[in-house]
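Each remark here refers to the structure printed beneath this line.
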Amino acid sequence: MMDSTDTLSQHRHRSIQAVLNDGFRLYFGNIWNLIRSSWIQAVVYAVALGFSMTYFFTTLLPSLKGYAGNTGGHLAVWALTVAVFVVTLLLFAFAGGLVPLSEHYRYGKMARPAHWYGRWPWRATLHGLRRLPGMAGTTLKSQAGLLAAACAVMLLIVVIASAVLMLPAAMLVLANVEAYSTGSLNPMDSLPADATTVSMLTFTLCGLTQAFIHLATLFPLYYIWRNSTLSHDTTGKPTQDKQ
């Protein structure tokens, strides 16, 4: 099947609908390869998110509110979980999105990972982080309007999807907020005895869903970036997608 990028050189000013359609079609057409590429990072991402959120509400927040001591130690532990989350987020974005998209740009297809544990693109991540500012600048320079419109639509899609799929996590957050707004001597008394376990499981499972919702947004951005490169390159050759 011919990839929709075959027409990029003839249609450099693409509509937002075309960009979104092409991006999401590419994502869902390669979803199993992408999951295989990044499932371990996605799980670690979700566990780090689950632990960070649970620790914040069950340990750090009570400490900050004066219901428990050792605030400095709790804050250090929470900061460590956030650091692990950020590192895993970057690895997940590159393993599940940017590295496969780089393959698609160069070869017209995304390779199936050779190993069951997927990709661990340390060098590609460091190299990509150096290149991303320049790529973003090129895209903003020539495709600012399309980029803004696509981001607005994708934000709406992510918000709606998250509102449905992450409803349990949102309910937990609201329950914790309500507990601390009662002004009781011990806000945690208003939560179930197994609140910590329930919070960890809920935030982790919702985080895993959230990871792949957010990953999908990279794919329309890929086509917008390709638009910007073609606007500066009149010799761009179409590729074939051998999905």
May I ask you to list the residues in segment 109-119 that are buried (at least 16 other Cβ atoms within 10 Å of the Cβ) and over 10 Å from Asn33 (Cα atoms)? Lys109, Arg119
Restricting attention to segment 167-182, does a residue exist that is modelled with pLDDT of 90 or more, among the hydroxyl-bearing types (Ser, Thr, Tyr) and assigned to a loop (DSSP other than H, G, I, E, B)? no
Could you say whether any residue in segment 87-95 is within 21 Å of Asn21 (Cβ to Cβ), assigned to a helix (DSSP H, G or I), touching a Pro at 6+ places or on another chain (Cβ under 9 Å) and aliphatic (A, V, I, L, M)? no
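The values are calculated or read from the model by the stated rules, or taken from the named source; none is laboratory data. The shown structure was predicted, so the numbers you read here are calculated from the model rather than taken from an experiment. Backbone-built Cβ (ideal geometry, glycine too); neighbour counts: all protein chains shown.
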